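Asker: Have a look at this one before I ask anything.
Bear in mind these aren't lab numbers, they're just calculated from the coordinates by the rules spelled out. Predicted model, so just to flag it, every value in this text is computed and none were measured.
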Amino acid sequence: MSVAIDKIAWIHLRDGKILSTRSRGKNAFYLPGGKREPGESDLDTLVREIGEELSVAIDAATAVHVGTYEAQAHGRAEGDIVRMACYTADHHGVPAPSGEIEEITWLSYADRDHVPPVDQIVFDDLHRAGRLH
């Protein structure tokens, strides 16, 4: 039986690059964010996850839905999909690794092969729009 994983991600771009995270023990980089907890809205999840992972405060009032993307879930059984709603939003503080996050980095489109399938689709859209170089 396939599984659908419901995730929310923060799209934070600077100078044509996108902020990405790597969790302890993982070799791929992921867009910051995570899974929704029961009863949470997209913005509740975004604020909580980014606060936990990067120690910054997301300004939910500035959040803009960029798109919702779906692909095979990285490292999961064939047919398991991840559905990821992506948002831009202003923030307060300087992003720093926290919790399960071991490393943060700024990736360009040339780094597309270092991210999971759903993030690759996001990279493609941002690149086509001229926002990710």
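Asker: From the square roots a ≥ b ≥ c of the eigenvalues of the alpha-carbon gyration tensor of the chain, which class results: rounded (a/c under 1.5), prolate (a/b over b/c), or oblate? List each step's numbers first, then the result.
Answerer: On the way: a/c = 1.30, a/b = 1.09, b/c = 1.19.
Judged from the Cα gyration tensor, the chain comes out rounded (a/c under 1.5).
Asker: Among all the lysines, which ones have a C-alpha under 19 Å from K26's C-alpha, if same-chain residues fewer than 8 places away are not counted?
Answerer: Within the straight-line cut-off, K26 pairs with K7, K35.
Asker: So what is the 222 nm mean residue ellipticity for the chain from helices alone, if each DSSP H run of at least 4 adds -39500 (n - 2.57) and you divide by all residues, rounding to the nearest 500 deg cm²/dmol? Show your work: numbers first, answer last.
Answerer: Numbers: 2 runs with 25 residues, N = 133.
Counting only the DSSP helices, I get -6000 deg cm²/dmol.
Asker: If you don't mind, there's one more thing I want to ask. From the phi of every residue in region 42-55, what ³J(HN,Hα) in whole Hz does the Karplus formula 6.51 cos²θ - 1.76 cosθ + 1.60 yield, where θ is phi - 60° and glycine or proline is x?
Answerer: With the stated coefficients, region 42-55 comes to 4, 5, 4, 5, 4, 4, 5, 4, 5, x, 5, 7, 10, 6 Hz.
Asker: Using modelled amide H (1.01 Å from N, peptide plane; none on Pro or chain starts), what sits under 5 Å from the amide H of V66, excluding residues fewer than 5 places away?
Answerer: C86, Y87, T88
Asker: Name the long-range amide H neighbours of I5: under 5 Å, sequence gap of 5 or more, or other chain; modelled H, no Pro or chain starts.
Answerer: Residues meeting the amide H criterion: I81, V82, R83.
Asker: Note down the relative contact order for the chain as a percent, whole number, built from C-alpha pairs under 8 angstrom at least six residues apart.
Answerer: Details: 283 pairs, mean separation 43.6, N = 133.
Result for the chain is 33 percent.
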